[in-house]
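Here is the structure we will look at, set down as structure tokens.
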Amino acid sequence: MELRIHGMDCAEEVAVLKRELGPLVGGEERLAFDVLRGKLTVSTATVSAEVVARAVSRTGMKAEPWQDRPQRDGRNEGRRRLGRRLTIASGLFTAAGLAIHGWFAGGLGPALGSEGSALANGVPLPAKLFYLAAIVTGGWFIAPKAWFALRRMRPDMNLLMTVAVSGAVAIGEWFEAATVAFLFALSNALEGWSVGRARRAVEALMDLSPATARVKEESGEERQLAAAEVPVGTIFVVRPGEKVPLDGTVVAGRSEVNQAPITGESLPVAKEVGDGVLAGTVNGSGALEVRSTKGASETTLAKMIRLVEEARSRRAPSEQWVERFARLYTPAVMVLALLVAVVPPLAFALSWESWFYRALVLLVIACPCALVISTPVSIVAALAAAARAGVLIKGGTYVEAPARLRAIAFDKTGTLTRGEPSVVEVVPLGEHDEAELLARAAALEARSEHPLAAAILRHAAEQGVEVRPAADVQSLPGKGVAGRFAGELFWLGSHRYLEERGQETPEVHRQLEAMSSAGRTVVVVGNEEHVCGLIAVSDRLRPQASETLAELRRLGIERLIMLTGDNEGTARAIADELDLDEVHAELLPADKVEAVERLVAGGAPVAMVGDGVNDAPAMGRASLAIAMGSAGSDAAIESADIALMSDDLRKLPWLIRHSRRTLRVIRQNIFFALGVKLVVFALATAGQATLWMAIAADMGASLLVIANGLRLLRSR
């Protein structure tokens, strides 16, 4: 059950809703809140939406069914507009009351000074009426929530502010009562505006994909159709400069596509027939015809949006700590304020009026909003910045985890390497040259779908070698292939097949052994008389692998480990090239799980980086699972805690730096919010702080910690 909650603008309201709805739905763990979007998710089938909505209304908030793309001029916007108008009215009424008060008292100085007498009749009636209007307009949305908190005997910041304002009126501090009401309303309005920036940053993901697609009919005509209504397999046209509406495969045209909105890649990627494109990416200068491969709700972008939304309900450790602290903090401060109001007059015969006023100041500064809002805003800003950079983080707890890593285990194929074989060396023998050797090998492999054949054909094309398929081609299972090229019989096979033919010489044997020990697969090409040459094929390292691992060491990662199912020779060759600390080869999936468990048992946080499919069991045992997203691989995105959408290993150091920066910002916010309160506590106890100073300090702290958290949106 998903509901939009009107009036849920702060973690305080979340606490109220938990207390009210928790017993109704079978426990608080069945409730998930998204403060930034005003969304409540209830995981239960035992109560209806109507029952939940009635319970929400008792708290002073409103609930209605959730819509993914609400109208901007809906009820929530209307409520915010009314709140802004009431805040402005409260400020104007306060200023008017002070002006009238000053006119009767002979100046603003005497007017403010007369407040010190704390006598209700020290304020003229016209000024009282304006001050009262300021209090009513400023507290229009606060009073219902305060009444609910009082009835439930659950003190919150709204009750604290209401008690402070009422107490100030009771002792004749009309100006300060009006000022507190106005500043608290202003604080809520500014807080809502600041939090709205983070909300809009995340919701910008939803605007990446166009709502319509230009579908091509069988007749060749084009018509606009809602993206959600386009069936899988339909051909649609993407004109130059347009956004791609759906995931699909290019069937006609050639262009460069900007994939930065999804994968974070800085340069456009060339796309031609057979290449895949992702919804939300931006077409370049050429028109493309694309066959859709997924519905609108199943595109990579749609899944990213869902995962980011779900991530905000998984709270970070810092966020959980702040919530537990605030739960005890507010009632403790109310007890402290009561003691400050009562103990000095009773025990030391001091002024009731003076110490009651100091207690009111304590109530105002006790508002925990700056503390509880700072962490979720920082976490959401960090999630949004990471998504824009092509790093999909699936929860607040995973934002903080990379900062604590001390060891990282990597899968080899598809992670440290490209995951596809490539020709790395061509060694012609005798009187043959490289082009001649490639032409014969490519001719024999022209109609094969084997990965090694694809590597040879790709390399031949890159070298400009013309490929003419061989005749009478015969497959030799487990050995190789044979066929006629220019009327002459040639064969292509493994080292073992060469030995079977009895054509191996000591020199060829030494070359084959040297190439194999370097972790390469060697293909031998020959004819009936001799060996024509050798072609070495290997899974190439990603170009940024060495650079990334060096950067990880500079960031303090102590152990870099490779886990692979490949043979020992290949694994050792790659480990030596990358200067890895450990390498474990010829591992089955269960062996990888055991290796990760041994690493985790060492006590230090360990990340496992893999392709998200065959490495899933091992990734599940690691402290943090990071998937290479294969530019949109469904399994990779869904199986890990974090997905690198562009398969760019350089995002790993960025992720660790981003995580550490997020932790620094959260700690800064917590220490600053608590520090401001301690300072004002001390001033209030010494009688040096006033009500309006307390609310101004609290409002300033709230805005500063929010602004500090929003700095994370600029992370690149």
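Answer yes or no as to whether PRO402 is in contact with a strand residue (DSSP E or B) (Cβ under 9 Å, 6 or more places away or on another chain), within 30 Å of ALA486 (Cβ to Cβ) and in contact (Cβ under 8 Å) with a residue 12 or more places away in the chain. Reasoning before the result, please.
Numbers: in contact with a strand residue (DSSP E or B) (Cβ under 9 Å, 6 or more places away or on another chain): yes; within 30 Å of ALA486 (Cβ to Cβ): no; in contact (Cβ under 8 Å) with a residue 12 or more places away in the chain: yes.
So PRO402 does not fit the description; no.
Does any residue in the stretch 40-55 that is hydrophobic (A, V, I, L, M, F, W, C) come within less than 6 Å, Cβ to Cβ, of a residue that is in a loop (DSSP other than H, G, I, E, B) six or more places away or on a different chain, and which pairs are these?
VAL42/MET1; ALA49/MET1
Quick one: GLY478 ticks every box in (1) part of a loop (DSSP other than H, G, I, E, B); (2) surrounded by 12 or more Cβ atoms within 10 Å (Cβ to Cβ) except a single one, so which number is it?
GLY478 satisfies every listed condition except (2).
Here is a yes/no grid of residues against (1) more than 28 Å from GLN511 (Cα to Cα); (2) modelled with pLDDT of 90 or more; (3) of a type in the set (Ser, Thr, Tyr):
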{"position": "ALA403", "(1), (2), (3)": "yes, yes, no"}
{"position": "ALA435", "(1), (2), (3)": "no, yes, no"}
{"position": "GLU449", "(1), (2), (3)": "no, no, no"}
{"position": "GLU466", "(1), (2), (3)": "no, no, no"}
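Spot the failing condition for ALA616; the list is (1) surrounded by 14 or more Cβ atoms within 10 Å (Cβ to Cβ); (2) within 26 Å of the chain's Cα centre (by Cα); (3) in contact (Cβ under 8 Å) with a residue 40 or more places away in the chain, and only one is missed.
The one condition ALA616 does not meet is (3).
Find the residue count for the stretch 422-455, including only residues that are more than 18 Å from GLY526 (Cα to Cα), among the aliphatic types (A, V, I, L, M) and surrounded by fewer than 20 Cβ atoms within 10 Å (Cβ to Cβ).
Qualifying residue count, the stretch 422-455: 2.
Determine which single condition ARG458 fails, assuming it passes every other condition in (1) farther than 30 Å from GLY526 by Cα; (2) surrounded by fewer than 22 Cβ atoms within 10 Å (Cβ to Cβ); (3) among the charged types (D, E, K, R).
Checking ARG458 against (1) farther than 30 Å from GLY526 by Cα; (2) surrounded by fewer than 22 Cβ atoms within 10 Å (Cβ to Cβ); (3) among the charged types (D, E, K, R), the one that fails is (1).
Considering the stretch 566-592 alone, what residues qualify as being more than 20 Å from MET608 (Cβ to Cβ) and part of a helix (DSSP H, G or I)?
Of everything in the stretch 566-592, those that are more than 20 Å from MET608 (Cβ to Cβ) and part of a helix (DSSP H, G or I) turn out to be GLU568, GLY569, THR570, ARG572, ALA573, ASP576, GLU577.
If a residue must be at pLDDT 90 or above and not in a helix (DSSP H, G or I), how many such residues does the stretch 506-529 contain?
Final tally of qualifying residues: 5.
Out of all the residues in the stretch 484-502, is one or more in a helix (DSSP H, G or I), touching a Leu at 6+ places or on another chain (Cβ under 6 Å) and either under 27 Å from GLU586 (Cβ atoms) or not basic (Lys, Arg) (or both)?
So far as the stretch 484-502 goes, yes, one or more of its residues are in a helix (DSSP H, G or I), touching a Leu at 6+ places or on another chain (Cβ under 6 Å) and either under 27 Å from GLU586 (Cβ atoms) or not basic (Lys, Arg) (or both).
In the stretch 567-584, which residue that is in contact with a Gly (Cβ under 8 Å, 6 or more places away or on another chain) and not polar (S, T, N, Q) is surrounded by the fewest Cβ atoms within 10 Å (Cβ to Cβ)?
The extreme case among them is GLY569.
Just checking, which of GLU445, GLU431 is of a type in the set (Asp, Glu), without any contact (Cβ under 8 Å) to a residue 12 or more places away in the chain and assigned by TED's automatic domain parsing to the domain that holds GLY533?
Numbers: GLU445 fails: without any contact (Cβ under 8 Å) to a residue 12 or more places away in the chain.
Residue meeting the stated conditions: GLU431.
Step by step: first the residues of the stretch 387-409, then only those that are closer than 22 Å to ALA550 by Cα and part of a loop (DSSP other than H, G, I, E, B), then the one that is farthest from the chain's Cα centre (by Cα). Which residue is that?
Among them, the one singled out is ARG406.
The values are calculated or read from the model by the stated rules, or taken from the named source; none is laboratory data. Every value quoted in this text rests on a predicted model; they were computed, and no experiment measured them. Counting neighbours? That spans all protein chains shown, and the Cβs are built from the backbone with ideal geometry, glycine included.
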